[in-house]
Amino acid sequence: MKKILVLFGGDSVEQDISIITAIEALGNVDREKYKVYPVYISDRWYLGDFTSVDDFCPFESKLYKNVVLAEGFLCEIKGAKIKKLIRPSAALLCTHGGTGENGALQGLLELNHIPYTSPYILQSALGMDKAVSKQIFENMILNIPKYVSLTKSEYVYDKQQTVSYIETFIDYPMVIKPCSQGSSIGISVAHEPKELLTALDVAFYYGDKAVVEKEINDFIEVNCACYSKNGRIVVSETERPVCDGEILSFSDKYVGGEKSKATRIMPADVGDDVNALIKATSKRIYCELGLKGVVRFDFLVSGTKVYINEMNTVPGAFANYLFKPLGIDYKTLLSDLIEEADYENKKIEFKSGVLEYYSGKMLKGKKV
């Protein structure tokens, strides 16, 4: 039976959403195939039998084991001693945002030679930086909203000059976002300079880099996801999330219980041709960027024009609901992800002989 780490929490403002994703995943993973080891990442790593969101309301660290990864093992820390517990077969990553999604955690897992379910280090970093990912989409000759990116330091140095700079390139209304946050956290719409200043203050509270986009007229947001299985890319159904305001907010996504979960239309009501284009574009990005695991792509549709907005390399609940119309239930999806788990840092053998030459142990091709 494979031993699977379920990693969640982390240093992100999306920590609560990560906990929900993990608890739902733990309730759906196939226990006949996998022995799971849930690990909550906070000030330390905590191993325990987490079964409910109630375990975190509040979280009592004294009830759980302190653990670390070392030399490919999950190890328990007891005082000044460390004890090896298991060598994981793979890690199911339920970490949204921060170092759990930007490639840092992926790097730690690769150093420990543990396969994992999210994209590799580089692709994870690209997905977390909205400005860089937009540059990539531009190079792929995809439609993107007109945008500028800026740093907190230049904004703090001269706020009015920053506003003037933005207005040179972007007309109102504008959408302002932290560059490396998810779940619609810190996103605002500005219709005039005063609102733009407020929106930038909010965005820079959540990070040192921000993106300002021209708001697309009369847009509809449409999402689509992909994952890989046995050498092919599985493309999900499309959805149109429904919201009351100009943009889909954090509250629209997560606050409101069952009501919030029901506010989606599948397939998206944008017509067969547009849905087909969105699915094809999602598959193309997934393939060309060498992605793995579930990646959700968020699009903006205005009339018949489709814009790629961003990609999410560890989407909430693994976007499992998007695959249900294909007959793929949550348990099957999780099993597929675990079986496809991989890591990029595979050891390649190459005998150069350089050290032997430098040490004097080999002269003219002969060992001394």
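Out of Ile308, Ile328, Ile338, which single residue is assigned to a loop (DSSP other than H, G, I, E, B), at pLDDT 95 or above and not assigned by TED's automatic domain parsing to the domain that holds Glu32?
Details: Ile308 fails: assigned to a loop (DSSP other than H, G, I, E, B); Ile338 fails: assigned to a loop (DSSP other than H, G, I, E, B).
One residue alone meets the criteria, Ile328.
If you go through the stretch 27-47 one residue at a time, do you hit one that is in a helix (DSSP H, G or I), surrounded by fewer than 20 Cβ atoms within 10 Å (Cβ to Cβ) and at pLDDT below 95?
Here is the first cut: in the stretch 27-47, the ones in a helix (DSSP H, G or I) are none.
Taking every residue of the stretch 27-47 in turn, none turns out to be in a helix (DSSP H, G or I), surrounded by fewer than 20 Cβ atoms within 10 Å (Cβ to Cβ) and at pLDDT below 95.
Could you check, for the stretch 71-92, whether at least one of its residues is surrounded by 22 or more Cβ atoms within 10 Å (Cβ to Cβ), in a loop (DSSP other than H, G, I, E, B), in contact (Cβ under 8 Å) with a residue 40 or more places away in the chain and not hydroxyl-bearing (Ser, Thr, Tyr)? Working first, answer last.
Going residue by residue through the stretch 71-92, those that are surrounded by 22 or more Cβ atoms within 10 Å (Cβ to Cβ) are 74, 88, 90-92.
So of that shortlist, the ones also in a loop (DSSP other than H, G, I, E, B) come out as 88.
Going one step further and asking which of them are in contact (Cβ under 8 Å) with a residue 40 or more places away in the chain, we end up with 88.
Still in the list and also not hydroxyl-bearing (Ser, Thr, Tyr): 88.
Looking through the stretch 71-92, at least one residue is surrounded by 22 or more Cβ atoms within 10 Å (Cβ to Cβ), in a loop (DSSP other than H, G, I, E, B), in contact (Cβ under 8 Å) with a residue 40 or more places away in the chain and not hydroxyl-bearing (Ser, Thr, Tyr).
Beta carbons closer than 7 Å, at least 6 apart along the sequence or on distinct chains, pair a first residue in the stretch 136-155 that is among the basic types (Lys, Arg) with a second that is at pLDDT below 95 and in a helix (DSSP H, G or I) for Lys152/Phe204.
Residues that are modelled with pLDDT of 95 or more and within 24 Å of Ser302 (Cα to Cα) number at least 2 in the following helices (runs of 4 or more DSSP H) confined to the stretch 198-288: 272-288. Of all the listed residues (Val53, Val36, Val67, Val29), the sole one being touching a residue at least 60 places away in the same chain (Cβ under 8 Å) and on the phi < 0 side of the Ramachandran plot is Val29. State which residue is surrounded by the most Cβ atoms within 10 Å (Cβ to Cβ) when the search covers only the stretch 201-214 and only residues that are out of contact with any helix residue (DSSP H, G or I) (no Cβ under 8 Å at 6 or more places or on another chain) and within 11 Å of Tyr147 (Cβ to Cβ). Among them, the one singled out is Glu213.
Quick one: which of Leu105, Leu122, Leu142 is of a type in the set (A, V, I, L, M), surrounded by 16 or more Cβ atoms within 10 Å (Cβ to Cβ) and within 29 Å of Leu69 (Cβ to Cβ)? It would help to see each step written out before you state the result.
Details: Leu122 fails: surrounded by 16 or more Cβ atoms within 10 Å (Cβ to Cβ); Leu142 fails: within 29 Å of Leu69 (Cβ to Cβ).
From the options Leu105, Leu122, Leu142, the qualifying one is Leu105.
Scanning the stretch 174-196 for residues that are surrounded by 16 or more Cβ atoms within 10 Å (Cβ to Cβ) and farther than 22 Å from Phe297 by Cα, which turns out farthest from the chain's Cα centre (by Cα)? Looking at residues that are surrounded by 16 or more Cβ atoms within 10 Å (Cβ to Cβ) and farther than 22 Å from Phe297 by Cα, I get Glu195.
Residues checked against (1) in contact with a Cys (Cβ under 7 Å, 6 or more places away or on another chain); (2) more than 21 Å from Ser18 (Cα to Cα); (3) outside the structural domain of Glu288 (by TED's automatic domain parsing); (4) at pLDDT below 95:
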{"position": "Cys75", "(1), (2), (3), (4)": "no, yes, yes, no"}
{"position": "Leu85", "(1), (2), (3), (4)": "yes, yes, yes, no"}
{"position": "Ser89", "(1), (2), (3), (4)": "no, yes, yes, no"}
{"position": "Gly97", "(1), (2), (3), (4)": "no, no, yes, yes"}
{"position": "Gln123", "(1), (2), (3), (4)": "no, no, yes, no"}
{"position": "Met128", "(1), (2), (3), (4)": "no, no, yes, yes"}
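The values are calculated or read from the model by the stated rules, or taken from the named source; none is laboratory data. In this text the structure is predicted, and so the values were computed from the model without any measurement. Don't worry about glycine lacking a Cβ; one is built from the backbone with ideal geometry, like all the others, and counts go over all protein chains shown.
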